[in-house]
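S.K.: Pasting a structure here, questions to come.
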Amino acid sequence: MKIPFNRPVAVGPEFAYMQQALQTGKISGDGMFTQRCHSLLEEELGVPRALLTSSCTHALEMSAILLDIQPGDEVIIPSFTFVSTVNAFVLRGARPVFIDVRPDTLNLDENLLAEKITPRTRAIVPVHYAGIACEMDAIMEIAAAHGVAVVEDNAHGLFGRYKGRYLGTFGVMATQSFHETKNFMMGEGGALLINDPALIERAEIVREKGTNRARFFRGQVDKYTWVDIGSSYLPSDMLAAFLLAQLEARERIQQHRQRIWLRYHEQLRAWAEKNDVRQPHIPPEVEPAWHLYYLLLPSLDARQRFIAHMAAHDIKTVFHYLPLHLSDMGRRFGGQVGDCPVTEDVSDRLVRLPLYNDLDEAALQIILNAVEAFSV
């Protein structure tokens, strides 16, 4: 396609930083650039600890280990999310309890949350879809009333806010993605944000293959050894070098993405009303992360015709999540048609428009013109 759905982009000194990493003689995990990323995230977000990981999936797996999820425990997860959100907990033996999403924001429906909680519920995992915040006040209140941990899947939401507070700072932990499709990228990578200081030391151990290696490098022990379960969750410092340049350009990146998002939203408003197409909803207390822009077409047929129409104009548009509760694995956990009706409906109708960090005005206008030429 002449205009792809996504394109990874270097925005500054990425390659110079990678060269510096090479010159230090250390390109494995937890080098200089990894530490600089940790510091930047901790200072900007105000979190006690940020740890880069080799993916958001691995950050989620770490969160499940740190919560001591055991076989038979239940974890409440929206059906409308990526498979990593649920896999991380199923790997520990948990039973996923799928919850439907709100029809306006496509986020976990907090009005359905209390009825999903049982004595076996150990965690709630809200996903800030498209970088638009869940209703965190209600979610945190319900979780606290039942003594249940909240882990935010914030793969879409870095630097987005809810009531002035950064996403990823509400739950006991939060996970970030730096996959090449995200606002800030390192190819493959993620981060675990730890908001409960009591979890920091064990998180460092789990991330370092179950050893106290981090304490050794700080001079707190004279040798390191195996002290807990864990795995190799560290990304290469070469990748962290690339990411640091992206994070340092965060204001410029976010402003550019916001301009694109708002152009879509404002210029397509009349077309959307005419064609019974729904645009994203931003609640008044939310500042989005400007991660993706989607449209909800009136039907599956209209969505498929729209994708074909855009492809004929050399523009790549894509659908998104399939309902997890209706997947082969989801059905093994009891998922049935009708369990999450909003998810089942929007999954058939949603389409995402191109949005990447160097999408220019000429390409944007071509996209807008092509959309407006489509009639449902």
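Here's the yes/no breakdown for (1) without any contact (Cβ under 8 Å) to a residue 60 or more places away in the chain; (2) out of contact with any Phe, Trp or Tyr (no Cβ under 8 Å at 6 or more places or on another chain); (3) under 22 Å from G46 (Cβ atoms):
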site: K182; (1), (2), (3): no, yes, yes
site: V206; (1), (2), (3): no, no, no
site: R213; (1), (2), (3): yes, no, no
site: E266; (1), (2), (3): yes, yes, no
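S.K.: For the stretch 241-256, check the following and say yes or no: at least one residue is without any contact (Cβ under 8 Å) to a residue 60 or more places away in the chain and under 20 Å from the mean Cα position of the chain (by Cα). Walk me through it before giving the result.
M.R.: Initially, the stretch 241-256 is screened for residues without any contact (Cβ under 8 Å) to a residue 60 or more places away in the chain, giving 251, 255.
Adding the requirement that they be under 20 Å from the mean Cα position of the chain (by Cα) leaves 251, 255.
Checking the stretch 241-256: at least one residue is without any contact (Cβ under 8 Å) to a residue 60 or more places away in the chain and under 20 Å from the mean Cα position of the chain (by Cα).
S.K.: Of all residues in the stretch 189-210 being out of contact with any Pro (no Cβ under 7 Å at 6 or more places or on another chain) and assigned to a loop (DSSP other than H, G, I, E, B), which is modelled with the highest pLDDT?
M.R.: Filtering the stretch 189-210 for residues out of contact with any Pro (no Cβ under 7 Å at 6 or more places or on another chain) gives 190-193, 196, 198-199, 201-210.
Applying the additional criterion that residues be assigned to a loop (DSSP other than H, G, I, E, B) yields 196, 209-210.
Details: D196: 98, K209: 95, G210: 94.
This residue is D196.
S.K.: Could you check the stretch 114-134 and list, in sequence order, the residues that are touching a residue at least 12 places away in the same chain (Cβ under 8 Å) and either over 20 Å from L292 (Cα atoms) or touching a Lys or Arg at 6+ places or on another chain (Cβ under 8 Å) (or both)? Talk me through it step by step, then tell me what you get.
M.R.: Taking the stretch 114-134 and keeping what is touching a residue at least 12 places away in the same chain (Cβ under 8 Å), we get 114, 116-118, 120-134.
Within the stretch 114-134, A114, K116, I117, T118, R120, T121, R122, A123, I124, V125, A133 meet the criteria.
S.K.: Go through the residues of the stretch 295-304 one by one and say whether even a single one is outside the structural domain of V86 (by TED's automatic domain parsing), within 30 Å of A94 (Cβ to Cβ) and out of contact with any Ser or Thr (no Cβ under 6 Å at 6 or more places or on another chain). Lay out the reasoning, then the answer.
M.R.: First, pick out the residues of the stretch 295-304 that are outside the structural domain of V86 (by TED's automatic domain parsing): 295-304.
In the following step, the residues that additionally are within 30 Å of A94 (Cβ to Cβ) were identified as none.
So far as the stretch 295-304 goes, no, none of its residues is outside the structural domain of V86 (by TED's automatic domain parsing), within 30 Å of A94 (Cβ to Cβ) and out of contact with any Ser or Thr (no Cβ under 6 Å at 6 or more places or on another chain).
S.K.: Continuing with this model, one more query. Name the residue that is surrounded by the fewest Cβ atoms within 10 Å (Cβ to Cβ), counting only residues in the stretch 68-88 that are in contact with an Asp or Glu (Cβ under 9 Å, 6 or more places away or on another chain) and of a type in the set (S, T, N, Q).
M.R.: Step one: list which residues in the stretch 68-88 are in contact with an Asp or Glu (Cβ under 9 Å, 6 or more places away or on another chain), which gives 77-82, 84-85, 87-88.
Narrowing the set further to residues that are of a type in the set (S, T, N, Q) leaves 79, 81, 84-85, 87.
Numbers: S79: 27, T81: 26, S84: 19, T85: 26, N87: 16.
Residue satisfying both the conditions and the ranking: N87.
S.K.: R207 - would you say it is within 16 Å of R49 (Cβ to Cβ), surrounded by fewer than 20 Cβ atoms within 10 Å (Cβ to Cβ) and basic (K, R)? Step through it out loud before you land on a result.
M.R.: Details: within 16 Å of R49 (Cβ to Cβ): yes; surrounded by fewer than 20 Cβ atoms within 10 Å (Cβ to Cβ): no; basic (K, R): yes.
In short, no.
S.K.: Considering (1) assigned to a loop (DSSP other than H, G, I, E, B); (2) out of contact with any Leu (no Cβ under 6 Å at 6 or more places or on another chain); (3) crowded, with 19+ Cβ neighbours inside 10 Å; (4) assigned by TED's automatic domain parsing to the domain that holds F178, say which one G29 fails and leave the rest.
M.R.: G29 satisfies all of (1) assigned to a loop (DSSP other than H, G, I, E, B); (2) out of contact with any Leu (no Cβ under 6 Å at 6 or more places or on another chain); (3) crowded, with 19+ Cβ neighbours inside 10 Å; (4) assigned by TED's automatic domain parsing to the domain that holds F178 except (2).
S.K.: Looking at N369, is it of a type outside the set (A, V, I, L, M, F, W, C), at pLDDT 95 or above and over 20 Å from the mean Cα position of the chain (by Cα)? Steps first, answer last, please.
M.R.: Working: of a type outside the set (A, V, I, L, M, F, W, C): yes; at pLDDT 95 or above: yes; over 20 Å from the mean Cα position of the chain (by Cα): yes.
The answer is yes for N369.
S.K.: Among the numbered conditions (1) hydrophobic (A, V, I, L, M, F, W, C); (2) farther than 28 Å from D30 by Cα; (3) surrounded by fewer than 23 Cβ atoms within 10 Å (Cβ to Cβ), tell me where I200 comes up short.
M.R.: So I200 meets the others, but not (2).
S.K.: Also, quick follow-up: Please work out which residue is surrounded by the fewest Cβ atoms within 10 Å (Cβ to Cβ), limiting yourself to the stretch 173-188 and to residues that are outside any loop (DSSP other than H, G, I, E, B) and among the polar types (S, T, N, Q). It would help to see each step written out before you state the result.
M.R.: Step one: filter the stretch 173-188 for residues outside any loop (DSSP other than H, G, I, E, B), giving 173-177.
From the residues that got through so far, the ones that are among the polar types (S, T, N, Q) too are 175-177.
On the way: T175: 30, Q176: 28, S177: 30.
By that ranking, first place goes to Q176.
S.K.: State which residue is nearest to S84 (Cα to Cα) when the search covers only the stretch 353-369 and only residues that are surrounded by fewer than 19 Cβ atoms within 10 Å (Cβ to Cβ) and touching a residue at least 24 places away in the same chain (Cβ under 8 Å).
M.R.: To start, the set of residues in the stretch 353-369 that are surrounded by fewer than 19 Cβ atoms within 10 Å (Cβ to Cβ) comprises 358, 360-363, 365-366, 368-369.
If we keep only those that are touching a residue at least 24 places away in the same chain (Cβ under 8 Å) too, we end up with 358, 363, 366, 368.
Working: D358: 28, A363: 32, I366: 34, L368: 33 Å.
Ranking the candidates gives D358 first.
S.K.: Next up: Please identify the pairs in which a residue from the stretch 164-179 that is on the phi > 0 side of the Ramachandran plot has its Cβ atom under 6 Å from the Cβ atom of a residue that is in a strand (DSSP E or B) and of a type outside the set (A, V, I, L, M), counting only partners at least 6 apart or on another chain.
M.R.: G168/E152
S.K.: Test L22 against the stated conditions and say whether it is in contact with an Asp or Glu (Cβ under 9 Å, 6 or more places away or on another chain), aliphatic (A, V, I, L, M), part of a helix (DSSP H, G or I) and surrounded by fewer than 20 Cβ atoms within 10 Å (Cβ to Cβ).
M.R.: Values: in contact with an Asp or Glu (Cβ under 9 Å, 6 or more places away or on another chain): no; aliphatic (A, V, I, L, M): yes; part of a helix (DSSP H, G or I): yes; surrounded by fewer than 20 Cβ atoms within 10 Å (Cβ to Cβ): yes.
It is false that L22 is in contact with an Asp or Glu (Cβ under 9 Å, 6 or more places away or on another chain), aliphatic (A, V, I, L, M), part of a helix (DSSP H, G or I) and surrounded by fewer than 20 Cβ atoms within 10 Å (Cβ to Cβ).
S.K.: Only residues that are at pLDDT below 95, of a type outside the set (D, E, K, R) and not in a strand (DSSP E or B): list them for the stretch 211-231, please.
M.R.: N212, A214, F216, F217, G219, Q220, V221, Y224, T225, V227
S.K.: Then there is this: Anything in the stretch 146-158 that is part of a loop (DSSP other than H, G, I, E, B) and surrounded by fewer than 23 Cβ atoms within 10 Å (Cβ to Cβ)? List them, or say none. Walk me through it before giving the result.
M.R.: Start the filter on the stretch 146-158 by keeping residues that are part of a loop (DSSP other than H, G, I, E, B), which leaves 147-148, 154-158.
Within the stretch 146-158, G147, V148 qualify.
S.K.: Report yes if some residue within the stretch 91-106 is touching a Phe, Trp or Tyr at 6+ places or on another chain (Cβ under 8 Å), under 17 Å from L167 (Cα atoms) and buried (at least 24 other Cβ atoms within 10 Å of the Cβ); otherwise report no.
M.R.: Yes, there is a match, as at least one residue in the stretch 91-106 is touching a Phe, Trp or Tyr at 6+ places or on another chain (Cβ under 8 Å), under 17 Å from L167 (Cα atoms) and buried (at least 24 other Cβ atoms within 10 Å of the Cβ).
The values are calculated or read from the model by the stated rules, or taken from the named source; none is laboratory data. Predicted model, so just to flag it, every value in this text is computed and none were measured. Note that we place each Cβ from the backbone using ideal geometry, even for glycine, and neighbour counts take in every protein chain shown.
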